[in-house]
Every structure is written in C-alpha cells, then in structure tokens.
Amino acid sequence: IALQCLLCLTVWQHPYVNIFKHMRVEEWKKTSREGDVTTYMDKTLMCSVFRIRGSIPASNYILLPKTSTQSLGLTGRYLYLLFRPSPAKHFVVHMDIAAEEGQVIRVSFSNLFKEFKSTATWLQFPFLCGAAKGSFFYWPGLVGPAPSTVRWTCLMMDLQYILSVYLNRRHSHLKTVKLCANMSVKNMFTSDLVLDPGETETQSPMPREMSFPVPKGGSWHDLYDYIRWVKLHPDPILRLNRIIGFGGATMKCALWTKSGDTVVYPCHAIIVSMKISSGQQRFFIGHTDKVSALTFNGNSTVLASAQTGIQSVVRVWNYLKTNCLAMFKTHAHSLSSLSFSYSGGVLCGVGKDGHSKTMVVVWNTLRVTKGGEVSVLAKAHTDVDIQTMKIAFFDDTRMVSCGRDNVRLWRVRSGALRSCPVNLVEYHALDFTDVAFEEGHSADREFASSRSGHILEIDYGSVAIKNVRRLLPAQQPHAQRREKQTFGMGLGIAVNSISVSSAFCATGSEDGFLRLWPLDFSTVFLEAEHEGPVSLVSVSDDGLSVMAATTSGNLGYLDVSSRGYSTLMRSHTDGVLGFSVDGIRRRITTASCDRTVRVWDMDSMQQLYDFVSEDTPCSVAFHPSLQVFSCGSSSGLVRVFDIASNVVARGTERAPDALTVSSDNRCLAFVGPSEYTVTIMAARSLDELLRVDVSILDVESTTLDSALKVCFSPASTGHLLVTTSANKILWISANTGRLLREVSKVHKHQCSSLAVSEDGRFLLTAGHNAVKVWDYNDIPSQMFIGHSQPIRQVNFAPDQMAVVSVGDAIFFWDFLAHPQETGTDRRLLSNGMPRRTAPLPTSPPPCLDISSIDRIGQGEYRCSFFHSLFLRFGLNTFRMRYICMCIYVCMHVCMYVCYFVVCYTDSLKVEKPVRPDCYKHFTPRFKTSTLDQSTATPELGEEGLRLKAVIGYNGNGRANMVWNPETGLFAYSCGCVVVVENLHTGSQRHWLGHTEEISCLAVTNDAQTVASAAGGSGGSRSLICIWNVQDGTCSNTISYHQGAVQALSFSRDDFFFLTVGDFTDPEVALWSTRTYQLLSRVSVSGPLHDVAFSPSAASQLACVGSHGLYFCNTHTQGLDVELKVQRVCVPEEVGNVELTALCYNANSILFTGTNSGHVCAWDCNTQRCFMTWEADQGEIGVLLCRGNRLLTGSNTRRLRLWGVAASCEIHRLGSSALVLLEQEMMLDGTVVSAAFDDVMDMGIVGTTAGTLWYINWVDNTSIRLISGHKSKVNDVVFSPDESHFATCGEDGSVRVWTAPNNELVVQFQVLNQSCGSACWSPSKGGACVVGGYSDGTLRIFRLASSEMELKLHPHPVAVTAIQYSANGQVILSAGRDGLMAVSSPVTGLTVRLISDHKGAPITTIQCVKKQYKEFGLEGNEMWLAASADRRVSVWAADWMKDKCELLDWLTFPAPANPEESDSLPPSLAAFSPIDPGLVVYTGYGVERELSFYSLAKKRVIKKIALSHWAMCFSLSSKGRLIAVGSKERVLKLIKSSSGRFQDFLHHSDSLQTCRFSPSGKLLFTVAYNEILLWEVRGL
C-alpha cells in the first residue's frame, strides 16, 4: 500500500530526485553495502565520493534500497549515474525496472560483457570505457577493462526507451539499483528532463548538486565524459521524396490517369504516380518484389498491381489515398498481365500455377473499395501462350487475349471461364503481341498486333478476322479492304504494342518508332524515334497525348496537337553500382552494370549526359568544385570526365576496391594490402602512417575477420570506421590504430556501405535490402527496408538535407533530423558555396562512346599505385603522384545501398504521439502475431466448423458492450468477434468482420443498428463495421482513422454517427447514417477520451480529452454539414487533470469526469462549470445519467449511484448545488462499460477482469453474467464425459465451467503463480482437476467439495505439461528443465523421476490405453513426451506393477543454427485416436509439415504439408480430423486421410491452444484470453 501511495504521488519527484540524498546512503539504514565499500575525498571533484573495491560483484556492492524486495518507486524516465570505473578493472551495474505490464526487468551493463544479450526479463549491455583526452582518444571507449586515464563519467539512460525497444514493455518505475565492484560513485538521480552537464545557461542545466566542477574558462567535455542512451529522433528520420528509375520486371507497364495529367508506372518494387507538369511523385509502397503488371479501373480511382517472383501477390489500391485495399495470391508465380473492367468490379490476371502451366483467374472486386473481400469468380488453365489479356470495356464478363499462334475470346458464365479461338486461317502462325479495343464505339472493333507487322481487325460477334493490314517500313495505301499479301512480300514492322482512340491508332515497334496511324492504316501521319525498341504505347482518354516506353528504360509522351515530345523518365537498364553528388550544381552521376555512366539533374530528375563504355563502371566521384568527375571500372581503368568539354582522360589499370579520404584531406585509408588489413596513409605524400590487422581484434572468434569498407568520420573525431565480414562496425583511432568500439550484428547480412554526417551526429549503414540511420554517439537506430535488389551505396547529400541510395534505382530521401544550432545557413553546401539554379536538361542528352579509347595508354597517365594498392593480395609499393580527385573517387567503390519502405503518407509528425496517462484511453493489447489473409477460407455453407460459442468478455475494450432493455439487445466484444447473446436462453450469434481487437461499440436509439470499431491489420487504417441487428449482416464499413478508434456515438435522431480517433490521430469525424459518407471532420491538439450527443438537441454534442472540454455544434446548409468546436478549459479548482468521461442529462446539463476522481457539472447554454465534487479517489472512466440519477465507475473498482436532482434544481434557481451518494458497489475490476435502463434501476457493467455484471440497485445485488480470463489462457480441457471443461491461465486460476451452457461453476485461485497446464482425472466418480504451476507444484482440486484436495511439489521449476495416466493411478508431469515426474494422486509422493529429456523443456505429455506386446514389452497403456529439442519418447507402462519402459525414441531433423531460436515453434506430438500405434508430430524442421510415425514400422509413413508453423494441434477421434493453430492467427482443419483442409480466421492473435472433445464433436481454440467453442461438422 505504501508503494502504491508513493507511485500515485509522484509530484515530489519533479524536477529530479537526488537518490543518494533521498535514501541517506551514508547512514546505511535504507540501503545496504557488502565488502570493501568506503568513502574518500576525490581531488578532481573536490568532494567525498563512494569507492567500491574488490573484483567479485556478488561480494562487493552498494544496494539501493536495503533489500531487493523493497522498491525505490522512482518514476523518472531518465537515470543519471555519476561514476568513474577503476582503471584496469571490471565493474557491473544492475538495475531492476518495473514495467506497467507487471514484470520486473533487470538491466545490467558492464565492461565485463563482450556483447549484448537479452532474455524476456534480463538485458545485458557491454560498456565501453572512455579515456582522457590526449591519451588515445577521449571518446568512445576501449574494449575490456577501463584504461588508466579513465575519467569521471555522467551516464544518462532512457529507461522508457530501453524497455520499449528491446522488450516491448512500458516503463513504470525504477525498483532497485546495485552498484558492484571496482568503481567510484558520486551520486545518482532520476528525472523526466533531458539535462546537459556541460551547459549552465540552457533551459535544462545540470543541478548544482549533481554537476562536476569546471575551472574558470575550462570546458566540461575536456574534463569528463557524457554518455547518453536515448531514442533516436525524429521518428521516422527519412522520408522518400523522389525516384529516378522506370521498369524493373517489365518495360511494358505504364498507365494514364483519367484526367490525362498523371502517369503511373512501376520502378522495381515501388509504384510511382508522377504529374507530367511538375514531376511531383507519389508512391505506392508494399510490394516485396518487382512489379510486373498494372491496371486502372475506368475512372482511375482503383489501381491493381502484381509482383513477379514466387510471391506473385496482387494488390488493389485506393489511388487517391495511396493505401492498399486488398492483397491476395492465386497464381504460384510469373504473374504477367492484369486488366480491370471499366466499372472496377472485375479483375483479370494471367500467370503460372505450381506446375508452371498458364492460369487465367478472374476476381470479383466489386466490394473492395468498401472493405469487402476479393473472391475468385472463375479460373482456367490453358496450354496456349498468352502475352496480354484485357477485359472488354463494354462487358465485364468478356475478355480477349493474344499470344504466340493465337488470339482468343473469353467469357465468364455461371462461375466458369471459357474461351474460343479466333479463326486466324493463314495467319495462325503469327506471334501476336498486343490487343486493343476502340473504346467508346461499337463493340466489334478490336485490333491485334504482331511481330510480323500484321494488324488484325477482329469481328467479336463472328469470332473471325474482319480485316488484315501489314505495316511495312515504306507504307503504301491499301488497294483492297482485305490484304492478300503473303509473308514473303518483305519484312513488316515488328509491332510490340498498340493503342486505339476514336481518331487514330498508335503503335510501338521494335525499330524504335512510335507511329500514329489513321484507323484504316493507310499512312503514317506522325512518328517519333526513340533510342531503343518501343515496348508500350498508350493513348490518353482525351486522345491528346500518347505515352511511349522503351526497353532501354525511357518513358515519355507525344503531344499530338503540338507534335512535341517530352521525356518523363530515363533509367539505367541494370543495377546501379555507385554515385556521387555535385552539390554546387545539384547534379548526381551514377555508374551502372549496364555499362553507362550518367549525369542527372537532382531537381528535375532529367538525364543530362550519358557515357557508354565497353567495361563496367564501378564507382564515380565529382570534383569538389569543377565540372569534372572520375570513374573507376572493372577493367582497372580510372577515367576523368570533363563534362564541359566532353573530354575523357586515360586512366590507370586496376579497379579501386575500398578507399576513403578524411574530411580535412590529410589522410586516406583503404583495405589492403590483404583483405585482413586496413592501411592509413598521408594523402599528400602517400607515406604509410598506420596499418591495422582487423583479423586479430576478436580473439574469441574461430574464423579470420576481413575488412570490407572503410569510412572516416569528421576530422574532429579522429575515427576511422571499418565494416567487416563478421557483420561488425569497428571504430578505430586514426591516430593510434587502437580499437575504440565495435557494434555487432549491424544488419541481417553484411554491412555493404556506410557514411557519417558532416556534423558527426548520424551514421548511415546499408546491408542487403535495408538501410539504418544511427545516432553516432548513442547507437539507437531506425531501419528502413524495401529495395527489391541489394543496395550498393548510401550517402548523405552535400547539404546534409537529403540521403541518396542506389541499387535497383536512384532514391532521394529527405533527411528530417534537425540541424545543430551553429549559426550557419543549411542552404550552404559543405564547401560553403550556395546552391545554383540547375541547368536546363537537353533531350536527348549527349552520348559519348568511350569504348574505343586505349585503356593502357600513355605513360604519364599510368600509375603503379592502383596496380598494387587495391589488389587485396599484395601491396608492393606506395609511390604515386596523382590529383586528389582521382584518389577520392575510390571511396565510393562497389558500395551496397538501400531503399526504404516509408509508411508515412500523411503529414510527418516529428514528435511521436504520447499515450495519455489515463485508463479510459483504449490501448490495444500488444501482439507479435500478424494476420495471414492469403488463406483458404471455406465457402458459405461448406464450413467444416461452426462457431458455437465465445467464452469471455474483452475487459481491455472501452465501452464495448451495449444493452437495450426494451428490445433485449445485448452485445459485447471478445477479441475480433461481436457476440450477440440472448439473456434468457444464453444462445449466441456472432458478427464476424474484424481481424483486430475491437475497441468499442455503439447502438442506435432504435436498437436496430450496432457499430463496432477495431484497428487495422498490418498498419492499415482502422475498420468500423455497421451491423443490421435483425439479420446480423454488415451493411456498411468505414476505414478512416489512422490509429485505433477511441469512441463511437449516434445522434438522438440517429441521423448522424460520430467517430473519434485515439491519441495517434485525435480527430472527430461526423458521418451520415444514410450513406455513411463523411460529412465533416475536426482535428484537435490533444487526445480525446469520450464523446456524446445531447439527448435534447440533435445538433449538439461534446467531447472530452487531455486538453479540456469541447462543445460542438453541427450546422447544415443544403447538403453540406459543418462541425464547429469550442474548447473550454477545466475549472482551476480541480487542478491539472484530464477529462475522461461525460454524459448529458435531459436538462441541458453536462457531467464530466476526471482522472483525479472529480465530477464537473456544466451548463450547456453558457458553457460554464457551476459545480464540482470529488466522486471517487481514482480515475472516473464511465458516466451515465438517467433522469436525476448519475452513475460513476472508476479504476478503484467502485460503482457509485448519485442523486443530482437537488443540484439541477438549485442551479436553475441560482443557489449552491448539492449531490447525494445513494448507493455503492465494489466490483472485481476497473469499470470500462455500462448500460442501464431509463430509471437507472438495473443495468449491465463490464470490468477489466473480463466480467459483465448484472446490477440491480433496487435489491442492491450484482450477478455475474459473463465471465472470462483477464490474462493469457494456457490450457483448456474437457472432462471425460464432456459435462464440464476446465481452463487455466497466467493469473494462477483454474476455472471449471458447465457444458453446454458455458457457465462458470467454480474458480480455484493461487496467488502469485501462473498455471501452465491442467487435466481431468479419468475416473467417473469424484471428478478432479489437477493444475501445474510455475512454482513446480501440482494442485488437485475436487469439484464436489470445491476445495483443493492435495498439493504436490515434484519439480523445482515451472510445470509445462501434466497428464493423468489412462487408468488414473498416477500423474505424469514435466518441468521446464526437461525432468519428468510420476506422482501418486493419493499419497502425493513422487514415485519415479525420468531424466531422458533433461535440458529441453517438455511441451507435451499424453497417455492412452494400449496393450503393446509386439516388442515383448508388458503394459496396459502407452504414453509419450515431446521436448523442445524435437525429440519424442514413447513408453509402455503398467503402473500397478510399477513398470515403465522406453518403447521408442524419435528425433526429427531441423536446419542448423536457426536465426531466431527463441521464437521457434514448439515440438508437438500425439497418438492417433484411431490407431494408438501411430504418432503424429510437428515442430520446427526442414519443412512445415505433419509427420505420421508408425511405431510398428519404425518410420514415418506419411506427411502432410502445412502453410504455417504449428503453435498447437489436436487430433479428433471422429472423421480423421486434425486442428492446427498458427502464429498467423489461422486455425486449419485438416482431413488426414485426404489432406483436404479449410482455414478459419476468427481470432485476433496467435493461437496457443486447440483441443477436441473426447467425442470429437466439439473443438476449443484459444488465442491469448479468447476462448472459442466450435461445433465440428467434418470435411
């Protein structure tokens, strides 16, 4: 109780807490010490400090407070430790930090630790000790013991950040601190302020009693070290701005929008929408591989895209909002063509199935814009070649396709997709490339193009050729309507693409020409020549522009009226290897595998110059000021390009590998002469200064580490950064070569590129497809992923305001970190020169062929330095005299870069929103699972399972229960399911539409409509479902708010519907209930907690939140509705509080509750508060007013009923107001929802304990209606006769329920323990339930007496599995240590210990009756045990004779060294109910599968493949069914005999338990605390 009071009253802790002074350390009454702990006068600090000597941490320490069972209770976010490690010694610091979730996390740091380690309750960080300035380097520290010149250090740790990032926990308070071994300590303190010890005039200087002394005129940082351990800001620190690139998987994919002012095209895995007038780009990010197809609906509001590769998913996007509406997969791979119908209701795609056979699929996308699912209308397999396929604009059910030797017409009818070939007669051998309709005209005009130049006009009705024209290079008018030429009459124009408008036809051909023809193809009236074959042509809807794409990566358009051609985008045709930026002229040069070097304008994205080479250019670098750049190539040649004069100088012989020049141009460093060494040289003289062998720095490694890349940090730091093959970054002193610091596991793969910002604050690294931005000093980082190919190079732009990354294309990112206040203008570049206006691009750019230049060349350009310097196998000489520019080019060689998926399409919020400190605000339960929507859900009426009942209520929701006493409607949420229950019969209906946890519900006043809200999956917007109460159908959906939905409300007349976003998106949205279209929206500055409409005026409503009360009015003018808001501050007499709840009465009085327990009464007419009173000691989260009675519910678990009649009447008369507490009840948890009748006599109340209570104020009684677990449910088991079932959970409870009405009978509670497993006794008389607990005990509970009958303690660790023997003579149990115990349920004695699985936690124990004498073993039952090391032991036993013999030992293979061993799926095993001689196993292995092992044949006889790793499974005794639950929230029902399966997505989290009833007629599934009961129908 004292601790709770201390935590509640945290005001005394501001602005900081001096911990040593607060605890009176010198008295040692509230603290303890052990070993050699003394005080001494430190000469540097000129004060007395504590010194801990002795090298054994367990024997020499200071502990605050006195014992580990006590708590400091310090809530400050930042901990400051003022200490000095002892020279040449090791020290350790332990901190126990309490999390809001109830756990205590130990955080330790020490210079004894070699690397970072973590568990669920312990974080270990290595500490790198600093050295005094002038010795080696005054920051960042040395590996191992502290150096002799180690200095006093101020260490600042962000406790909130550490728990959030490493364990996904929320910081509550600091519990204990233990300072161990070899250190001197001045003090510690906590604060919510970021304090700078080196500043005395800032807004947050270090308090005097905490500061270190600094002599007059001296610098704090010259004398001491300051180490900050805080979060990297802002978040995100990068934002994608623009991309240079086009294509990737195909160059035949680009679209016009309906308006004709924007083009949409793919750039590898990103879809780009670019306005042709300004070049402004928008991005559609989500694909993980190259985009292979795009298509629009008729009005360009819905976009569909497909990606290539084995993950050939299709995404459907809202084009205007750039958000993904749906994602699905039908084809196995190679999805190459998509086509939308004009209405957008049908989508057609062509790809390959699992046998690489062409498959055509037609999807129904009619409801996708309203949140509906995409379903397959029809699909067909075909052997014919299909190059493209398009849906006819005049009929959604008709399609046309073409390919080699065929043109086919398709039609969907009655769920089947059928096709018929066009009769091609003598043209049957043509290779057809494209088809086009003459849109807007008769349906029978359709054109098909071919590589032979033939254009076929096809009659759709007769499925035959109507006209044939052949396009020849010298086209002549046709004399006849039907061409009679043959293939021998000359080569035609190979047409790759065709597009038709009402006035002309456009063709793109292999000869590089875009041609415009009249519809009779009599002559060419306009043409444009390109640099490569034209792969795509597309006429805009208005017919004024024609877009063209080429195989060389160019995209442009022809203005038909002006006959002018504009290039929109050029791109490399292969991967980009390196780049360099000319900051003065705003240009960037790139080198690519396509053997070109190109120069681009950074602002217009236009290509200015193009240089072509025979060899592959590897790296480039601009001169600091001249229009000159150098390029190193794969042949070993370094060339110098003078852009102004188009001159190329001959270069040297060997290719540079890895080189960097310091920012002061004094030093250069490179990898060499071997891959294990890094050499540092003087830049001017090229004298060797230092050589570092990186292979010997890690003495514990069994392999030699080699250097990959090098990079100097700013000269002021004197650091050289080296990336290694062991995936490390080494900080090396450029003066001494001493290792200062290292970071391991920088990326999942090797770090391929790195760069440091000019101010030394940030570090960029790239590894495979990911980029990280690090705080250079403190090491927190942000990671951005998304490139479809490995990144080659990443770097800051010269002005430090952008980041450039190259790989599959060129990406420009806005760098959003705030500059340091240095008084300089960020518009100035690193060389001090301001930006200039970029030169206008030329089209086409000049092209210089350098392939003919002699690469060996003249002696004055040759240099033996490059011949040996960059060859890793030898460095023979260091003699070179060459301009710095040619050396500097090498620092960009062969660097990996990355590109990022940035999920922030709306306005950037630099400061991450902070969750308000009040329970009323909804916070979704933290989940690590992700929903897999690419599942095989059954068709309606064919389900093998039917959801029968949902057990429990989600106490984590807010206002997630509705009740109407007049109609009897009673609905509440559990997980992602809305449960509608009949209070008289107990029968349930279930509304299924959400995939995430439901936050709140609302009901209309006529009780005919219910709204439910839940967060979106995968970062998408939240989903609100509108339900028709009569038939339970979802009549509408709303997807609007970015985060969760905090509150819902219907107006008095049910014409308006109000939604409120959570603290991440504090916005009020007003909707029409007729159409559910958005009418008006208002954003506020702080979080909102509750909202309500006035019962007396439909146009009035109010909201409450962190910043006060908001009175709102709706103003209607015609069809327009405006929401006007007036904010009113909280009365001063209640203090600095948040308003958390509100309700109206019928007399224009508004009541609001606060997080301090006060209720305020407001006059809605004057918008003034006329009365306040303290209604509770805790936060009020629920307010209801009926007549003159007011209900309050709070986090103190109190439900109070107040009489407010006198206050309302006296206020009307202008006198002092009065309230009267009429009744009070104490419930089992915080009150989160309530609904009462019109006179407040009876109602239903929900609590965080997962209980719904029936409240009767007349009788002053409370009856439990719905019960559920608040915390995680670990097991659920049926009784043998299926009359009862039992559940057990993390809260230590074992609950017994009756079947089939699912009512709670009895609850057995064990405090401060968790129950991990439970089982029933097999005896029919005197049923018992046994539970296994985290303290290693077993407890037997008897139902008849509702008491614990016996307690056993067979294990020293937590019990993980428990089972009665088949005849009930013994109990088999297993612990986390792998030991199994056989205990007597009568005496409680442990009769046998089995250690065969020792060291690996047991996951499963099962017993069955079985006479097993085939191997000469006696026994009347078998049992098995499965352990986490993928081993299964099978035993034969006769417990009456005390016999138990090993029958078989199974070991299942798995890949070595899994990357995430802590998150591996469990090993599960079970006997087949039909044949106990068959063991079914699943677990982590080479494949996701179920294995059927025959004990008789001693081998696996059958396997069934799974789509996900199994987290739980159960075998049915009926119908050969297997239920499998996965982390992807998928429940899979499998028929073992045929392999047929169905998927069910009814849970909002990972499934951890599934259990068939003994008869096989019922099935339980559990995800966290959601318990679903299914009726098994069979497959």
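The values are calculated or read from the model by the stated rules, or taken from the named source; none is laboratory data. Fair warning: this is a prediction, and the values are worked out from it, not measured in the lab. For neighbour counting, all protein chains shown are included, and Cβ atoms are generated from backbone atoms with ideal geometry for every residue, glycine included. Protein only, heavy atoms only, side chains kept; ligands, DNA and RNA dropped before computing areas. Shrake-Rupley method; radii C 1.70, N 1.55, O 1.52, S 1.80 Å.
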Worksheet item: Checking PHE189 against (1) open to solvent by 20 Å² or more (accessible area, probe 1.4 Å); (2) modelled with pLDDT of 90 or more, which test does it fail?
Response: (1)
Worksheet entry | Single condition ASP610 does not satisfy, out of (1) open to solvent by 30 Å² or more (accessible area, probe 1.4 Å); (2) under 28 Å from ASP799 (Cα atoms); (3) in a strand (DSSP E or B) | (1)
Worksheet entry | Sole residue being at pLDDT 85 or above and closer than 23 Å to MET188 by Cβ, chosen from ALA99, ALA146, ALA88 | ALA99
Practice prompt. Answer with yes or no whether VAL1231 is touching a residue at least 12 places away in the same chain (Cβ under 8 Å), closer than 28 Å to PHE1170 by Cα and within 34 Å of the chain's Cα centre (by Cα).
Written response: yes
Discussion item. Quick check on my filter: what residues within region 143-175 are more than 22 Å from LEU739 (Cα to Cα), open to solvent by less than 10 Å² (accessible area, probe 1.4 Å) and part of a strand (DSSP E or B)?
Written reply: CYS154, MET156, MET157, ASP158, LEU174
Discussion item. If ARG1529 meets every condition in (1) in contact (Cβ under 8 Å) with a residue 40 or more places away in the chain; (2) under 30 Å from HIS747 (Cα atoms); (3) open to solvent by 10 Å² or more (accessible area, probe 1.4 Å) apart from one, which number is that one?
Written reply: (3)
Fill in: Enumeration of residues in region 1274-1296 that are assigned to a loop (DSSP other than H, G, I, E, B) and under 22 Å from THR985 (Cβ atoms)
GLU1282, SER1283
Fill in: Residue within region 176-186 that is open to solvent by 40 Å² or more (accessible area, probe 1.4 Å), at pLDDT 85 or above and assigned to a strand (DSSP E or B) present
yes
Worksheet item: Where in region 1-108 are there strands (runs of 3 or more DSSP E), lying fully within it, with 2 or more residues that are closer than 25 Å to ASP158 by Cα, among the aromatic types (Phe, Trp, Tyr) and touching a helix residue (DSSP H, G or I) at 6+ places or on another chain (Cβ under 8 Å)?
Response: 78-85
Practice prompt. Collect the residues in region 1070-1087 that are hydrophobic (A, V, I, L, M, F, W, C) and either assigned to a loop (DSSP other than H, G, I, E, B) or at pLDDT 95 or above (or both), keeping them in residue-number order.
Written response: VAL1084
Worksheet item: When residues of region 318-332 are filtered for being without any contact (Cβ under 8 Å) to a residue 40 or more places away in the chain and crowded, with 17+ Cβ neighbours inside 10 Å, how many remain?
Response: 2
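Quick grid of which residues meet (1) modelled with pLDDT of 90 or more; (2) closer than 29 Å to GLY247 by Cβ; (3) out of contact with any strand residue (DSSP E or B) (no Cβ under 6 Å at 6 or more places or on another chain); (4) not in a loop (DSSP other than H, G, I, E, B):
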position	(1), (2), (3), (4)
ALA474	no, no, yes, no
PRO477	no, no, yes, no
LEU491	no, yes, yes, no
SER502	no, no, yes, no
ARG515	yes, yes, no, yes
Response to the item:
Turns out the strands (runs of 3 or more DSSP E) fully within region 338-418 with at least 3 residues that are open to solvent by 70 Å² or more (accessible area, probe 1.4 Å) are 375-382
Worksheet, complete the sentence: The number of residues in region 61-77 that are open to solvent by 20 Å² or more (accessible area, probe 1.4 Å) and under 41 Å from the mean Cα position of the chain (by Cα) is 8
Worksheet entry | Unique residue being more than 30 Å from GLY1268 (Cα to Cα) and within 35 Å of the chain's Cα centre (by Cα) when the list is TYR1568, TYR1484 | TYR1484
Discussion item. Out of the residues in region 953-968 meeting the condition of being crowded, with 19+ Cβ neighbours inside 10 Å and more than 29 Å from the chain's Cα centre (by Cα), tell me which one is nearest to GLU101 (Cα to Cα).
Written reply: MET961
Item to complete: Starting from residues that are of a type in the set (Gly, Ala, Ser) and either modelled with pLDDT of 95 or more or surrounded by fewer than 24 Cβ atoms within 10 Å (Cβ to Cβ) (or both), keep the ones in region 1532-1565 and report whichever is farthest from the chain's Cα centre (by Cα).
Response: SER1559
Response to the item:
Those residues of region 529-551 which are open to solvent by 10 Å² or more (accessible area, probe 1.4 Å) and in contact (Cβ under 8 Å) with a residue 24 or more places away in the chain amount to HIS530, GLU531, PRO533, LEU536, SER538, VAL539, ASP541, ASP542, GLY543, LEU544, SER545, THR551
Worksheet item: From the list ARG228, ARG242, which one is open to solvent by less than 40 Å² (accessible area, probe 1.4 Å) and either touching a strand residue (DSSP E or B) at 6+ places or on another chain (Cβ under 9 Å) or assigned to a loop (DSSP other than H, G, I, E, B) (or both)?
Response: ARG242
Worksheet item: Based on what the data block shows, is GLU981 among the charged types (D, E, K, R) and more than 23 Å from GLY1086 (Cα to Cα)?
Response: yes
Worksheet item: Are any residues in region 1129-1147 in contact (Cβ under 8 Å) with a residue 40 or more places away in the chain and of a type in the set (S, T, N, Q), and if so, which ones?
Response: THR1140, ASN1145, ASN1147
Worksheet item: In region 1452-1475, how many residues are surrounded by fewer than 20 Cβ atoms within 10 Å (Cβ to Cβ), at pLDDT below 90 and assigned to a loop (DSSP other than H, G, I, E, B)?
Response: 11
Worksheet item: When you go through (1) part of a strand (DSSP E or B); (2) among the small types (Gly, Ala, Ser); (3) open to solvent by 20 Å² or more (accessible area, probe 1.4 Å); (4) within 25 Å of GLY1375 (Cβ to Cβ) one by one for SER1271, which number turns out not to apply?
Response: (1)
Discussion item. When you scan region 1117-1126, do you find a residue that is closer than 27 Å to VAL1231 by Cβ and touching a strand residue (DSSP E or B) at 6+ places or on another chain (Cβ under 9 Å), even just one?
Written reply: no
Response to the item:
The condition of being outside any loop (DSSP other than H, G, I, E, B), over 28 Å from GLY1519 (Cβ atoms) and at pLDDT below 95 holds, among TRP1449, TRP1423, only for TRP1449
Worksheet entry | Matching residues in region 514-528 - criterion: being touching a Leu at 6+ places or on another chain (Cβ under 9 Å) and of a type in the set (A, V, I, L, M, F, W, C) | LEU514, LEU516, TRP517, PHE521, VAL524, PHE525, LEU526, ALA528
Fill in: Leading residue by the ranking (nearest to ASP1006 (Cα to Cα)) among those in region 1023-1071 that are open to solvent by less than 20 Å² (accessible area, probe 1.4 Å) and among the hydroxyl-bearing types (Ser, Thr, Tyr)
SER1051
Discussion item. So if I check each of ARG989, ARG946, which one is open to solvent by 40 Å² or more (accessible area, probe 1.4 Å), over 18 Å from CYS1025 (Cβ atoms) and assigned to a strand (DSSP E or B)?
Written reply: ARG946
Item to complete: May I ask you to say which residue of VAL37, VAL49, VAL11 is β-branched (Val, Ile, Thr) and within 42 Å of the chain's Cα centre (by Cα)?
Response: VAL11
